[in-house]
Each structure stands twice: as structure tokens, then as C-alpha cells.
1. Taking only the C-alpha atoms, wrap a convex hull around region 197-310 and report its volume per residue in Å³ as a whole number.
2. Could you quote the convex hull projected area for region 426-484, Cα atoms only and averaged over all directions, in nm²?
3. When the scattering of region 116-218 is computed by the Debye formula from its Cα atoms alone, each counted once and equally, what is log10 I(q)/I(0) at q = 0.14 Å⁻¹?
4. Order the peptides 422-430, 316-324 from the highest to the lowest mean number of other Cβ atoms within 10 Å of their residues.
5. Just to confirm my numbers, what's the Cα centroid distance between region 363-405 and region 98-141 in Å?
6. Beyond 21 Å between alpha-carbons counts as too far, so tell me which of Lys120/Lys284; Lys110/Lys294; Lys254/Lys320; Lys159/Lys456 fall in that bin.
7. Please work out, to two decimal places, the log10 of the ratio I(q)/I(0) at q = 0.15, 0.18 Å⁻¹ from a Debye calculation in which every Cα of region 381-539 carries one identical scatterer.
8. Carbon and sulfur together cover what percent of the accessible area of region 232-300 at a 1.4 Å probe radius?
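The values are calculated or read from the model by the stated rules, or taken from the named source; none is laboratory data. Values in this document were obtained by computation on a predicted structure and should not be read as measured data. Cβ coordinates were reconstructed from backbone atoms using ideal geometry, including for glycine residues, and neighbour counts include every protein chain displayed. The area values use the complete protein model at the heavy-atom level, side chains included, leaving out ligands, DNA and RNA. Shrake-Rupley method; radii C 1.70, N 1.55, O 1.52, S 1.80 Å.
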Amino acid sequence: MLPRPGAASVSRLTSSATFQRLSSRYTRTIATVPSVSRSMPLRAKIASEASLASQQKKFMSSSPTRPATAPVQPENPDDEVLFASNYGVRAIELNRPKAYNALNGTMARKILERLQEYEKSQLANIIVIKGAGPKAFCAGGDVRVLAKQNRTEEGKPNKEGIRKSTEYFALEYTLDHLIATYSKPYVAFMDGATMGGGVGLSMHAPFRIATERTVFAMPETKIGFFPDVGASFFLPRMDGELGMYLALTSEMLKGVDTLYAGIATHYIHSSSLGDLEARLAELKFSDYASLEEKYEIVDSTIEEFNTGLPETPFSLAGEKRKLIDKCFSPSTLPEIITNLETHAETNPFIASTLATIRTRCPLSSLITTHLLRSGARWTISEAFAREYLLASRFMKSMDFTLGVRSVLDEKEANYPPKWTSGPLDHLLTHPALRDSLVRDYLEPKEGKDTRLPLPKRGSDYTVYPHWWIGLPSEAEIKRKVEETVRGGVKTTMSRQAMVEYFVGTRKGKVGVKEKVEEVLERKTGLDEAAHVFWLSELS
């Protein structure tokens with residue numbers, strides 16, 4: 001097995017009409033497997049026809065067909081979430097296509113209970129979660145309901161409504177934590193809009209499949225909230241400052257961009273998802289196979305369905321990425337805004353970025369900046385616990401109600417909300433106010449706060465244990481470039497040799513070549529012998 005870099009080497013992790021429509025819908029309603037070297041090609045082990053037939057009699061509700069998956073046989077055709085068995089696959093389908101498969105509390109509880117059941121079942125090998133219809137995997141939940149129940153008709157805080165809203169977040173984050181620590185392969189079909197609650201259902205999965213229809217965004221700062229569902233964990237661990245950029249701007253990533261950014265681990269055409277699910281159903285694991293060995297089989301199986309990537313490069317590559325990393329690198333919001341203002345004078349992309357941030361809730365932007373900087377050090381459980389505390393406080397905030405109304409209420413959609421903390425410039429020029437808000441929202445209060453009661457599940461990690469499944473991160477590439485051999489002699493490789501190394505270690509995974517080439521072009525130089533060296537962060 002090839003060595004993998006340790007935790008220290010892993011990176012911290014203009015709105016279109018389409019995005020506006022999706023944002024308006026953004027609601028928060030609530031095998032025997034032999035031990036193999038990673039240098040050896042791995043092929044999925046398929047059960048024999050006789051074995052499959054035997055399994056079918058035991059636990060199948062309907063016969064599988066190829067090339068399409070078996071039709072779902074729901075307990076109730078009107079259910080908002082459907083569950084189906086297809087050999088070793090347990091499929092979960094969010095079934096609210098007219099509402100962009102928005103997640104609500106009932107759905108979250110059903111999914112949580114089924115995942116717990118599947119984890120104990122020896123017949124359930126792989127979990128597949130998907131959304132009904134072509135438009136969305138899950139575009140969030142129903143913040144309109146939360147905002148409404150948090151306030152009385154007179155606009156005053158409603159303690160009972162705030163309690164119910166807080167309970168929803170406890171349920172949702174418990175579900176997301178279960179996914180993040182799940183002991184079986186979990187595959188998310190991120191086909192269509194994937195926002196808010198949909199990100200929580202997919203982003204912590206070891207297998208996150210994007211298609212040409214994928215639209216990813218975290219639009220929380222737009223509605224007076226903060227990027228949650230574990231975003232305090234995964235956003236700081238993205239390459240460079242991409243996470244902070246996406247959090248403060250609420251900008252979207254489409255299609256193959258999500259693969260290059262590390263949001264998705266695979267990219268296939270949406271027309272292949274049915275065949276892929278049927279293929280996954282055929283996989284059979286040995287009772288003695290480790291979770292990593294199962295991951296390897298699922299990974300190589302998904303790759304079988306990749307027919308190539310679009311020719312368009314990553315939309316945030318090159319000079320845009322350099323500017324994002326430079327402008328969003330400071331630890332505080334005022335410093336970030338100062339950087340943006342400096343570069344906005346000469347760069348239209350940064351000028352547009354700054355204008356976008358100025359339309360977001362100032363309180364949300366302030367808290368989000370501190371949240372992501374702190375989250376880079378948290379474990380996965382700590383991230384959800386801290387977000388639960390923060391969510392409970394935002395439910396008391398009038399900014400949340402104002403933000404939701406400004407996006408979802410047709411009567412107020414054309415009027416910018418009057419944020420309680422004042423305009424952004426007011427917040428930037430009053431450090432005492434900023435410090436007070438950070439303390440009030442982010443610091444735990446002993447004896448007053450209730451910690452989210454998450455169960456202990458395996459390792460409480462600081463780096464995703466399945467990080468190696470996706471494309472190489474910038475930190476991984478940097479580690480290889482700066483790698484030394486015995487005696488302290490630095491490794492000398494050309495850019496081409498470096499690309500070939502990563503393509504080989506990732507077994508030819510589609511997208512590796514393009515990703516590594518872009519990083520090397522942007523982050524490395526060549527010495528007199530044409531060997532790569534990592535450029536100074538100040539260059």
C-alpha cells in the first residue's frame with residue numbers, strides 16, 4: 001500500500017438567474033477482498049448469479065434489472081423519503097421534487113433511523129442517497145418555517161418556536177454526524193442543486209458524485225445565518241482559501257467545478273447514475289474485508305462509469321485562485337475586506353466579489369470568518385457541537401428573520417434588509433462591537449449552554465479518514481514536491497514526472513491529471529534542471 005501523508009500534510013480544507021431561483025427555494029424545514037497493494041489495479045468482485053439469486057429470495061423486495069436500477073417500492077407512494085433494497089444496496093431517495101427535495105424534520109428522523117438500522121444489518125453493504133427528479137439532490141430545508149416560528153405575530157421572540165427550531169438542528173446535526181462517521185460505504189448522488197441541508201447529507205460521505213447538473217452552494221450569509229451542517233469542518237480544509245471565499249460570497253460551483261474544488265470525489269454523466277446504482281448492488285464484500293478495502297472496490301467501480309470530463313477548465317483556477325488565496329488569507333473580516341478593496345480597483349473579478357459580500361448579512365460574515373478559522377482545528381464532533389450552539393443563538397437573532405424574508409417573501413424580496421448590526425462599514429469601523437458579537441455568538445457560556453449530545457463513534461478525527469478517495473489536494477501535491485529522501489537529499493522530479501506519479505497512485509482516476517497540472521502551473525517553479533520547486537507563499 002502506498003504511503004499517505006499524515007494529517008499535517010492535508011490542506012485546510014455572479015449569481016445567475018438559475019441561482020436566484022434555487023436560492024429562493026433554499027429552505028431548511030426543517031467481498032471477499034484479498035489484501036492488495038495500492039499499486040495493483042483493483043476490480044470489483046461481483047457475486048455469482050446463483051449467489052445473487054439466493055440473496056434475492058432472502059431480502060429483495062423487487063428484482064433488479066440491468067442496465068437500469070430496480071424501481072423503488074416505497075412503503076407509501078406519498079412518502080417524502082423513500083427506502084428501497086436492491087441486493088446489497090440500500091437506497092434512500094428524497095421525494096419532494098417540486099420543493100427541490102427540501103429536507104424537513106420528519107425526513108431527517110426517518111433517514112437517521114434507517115441508517116442506524118442499515119449499519120447493523122449484514123445484508124446492507126452500501127448506502128446510496130439521491131434526490132427525485134432532475135433539478136435537485138436537496139436544495140436545503142424550510143427556513144421560512146423556522147423564521148416564522150421564531151417570532152410572534154408582533155415580531156417578538158417566541159421561546160417555544162425557538163426551542164422547536166433548535167431541536168431541529170440537534171436532529172439534523174446528529175444525522176450529519178452519523179454520516180460523517182458511518183461504518184459502511186455511503187454514496188451520495190449530488191445530481192442537481194446541492195445546498196444547505198443537502199450539503200450535510202452528502203459532503204461528509206466518502207463518495208460524492210457530481211454530474212453535469214450539480215449546483216453546489218452555501219447561501220447562509222445571504223439569509224442572516226452561517227454555513228453549518230459541518231461546514232466549519234470541511235470548508236477550512238479545502239484547498240487554499242476556497243472555503244472562506246465560498247462561505248462569505250455564497251457563490252455557486254457547477255458541474256465539474258465541484259470535482260476540481262474537492263466538493264465531489266467523482267464526476268459522471270447523470271444518465272449513468274441508474275446503471276451505477278445497479279452495479280453497486282452487485283458488489284459483494286468478504287466478512288473480513290476492512291472498510292478501506294470496501295472503499296477501494298466502490299471507488300474503482302464508480303470510475304468504470306466515467307466517460308471523461310468536460311473540456312472547460314476549473315472556473316476558479318489560475319489568476320482568480322491566486323487572488324482568492326491572497327485576499328481571503330487574513331484571519332479577520334476587516335483585513336479580508338481591506339485586501340478586496342485594494343485589488344478591486346484593478347480587477348473586475350475582485351470588484352464583483354467585494355460587491356457581493358457587501359450584500360450579505362454583516363453579522364453572518366463576521367461570525368463565519370471566526371467560525372472557519374477556529375474550525376480548522378476542531379474534530380468532527382467538536383464542529384457539530386459548536387455549530388449547534390451557534391445555531392441556537394442565531395434562532396434568537398432578528399437578522400435571521402430579516403434575511404429569510406428578504407429572500408423568500410415576495411413582498412420584501414426587492415428591499416435589502418436593515419440588519420441589526422448595521423451596514424458592513426459600521427461593523428468594520430467599530431472593533432468593540434465586533435468583539436462583543438463574537439463573544440455573544442461563539443463563546444460557550446458555562447452553566448447556560450447545552451452541548452449537543454453526540455454518541456461516541458469510532459475515531460473523532462481532524463482529517464477525513466477517506467480523504468484519499470478524491471483528487472489530490474494542494475497540500476498533498478506540495479508535500480510530494482518538497483519531499484526528501486534518505487540523507488536529506490531533496491527529490492528531483494519534472495512537472496511531467498510529478499503528474500505521472502499522482503495519476504499512478506490514484507490508478508488513473510479521471511481529473512487527477514488536470515488538477516495536478518493546474519496546481520503545478522500556479523504554485524511551482526522550475527530550476528535550471530527543469531525540476532519543480534514550491535514557490536514561496538509570498539511570491
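1. Once divided by residue count, the hull of region 197-310 is 118 Å³.
2. That works out to 9.2 nm², a quarter of the Cα hull's surface.
3. One equal scatterer on each Cα of region 116-218 leads to -0.65.
4. 316-324, 422-430
5. 24 Å
6. Lys110/Lys294; Lys159/Lys456
7. -0.92, -1.02
8. Ligands and nucleic acids excluded, carbon and sulfur give 44 percent.
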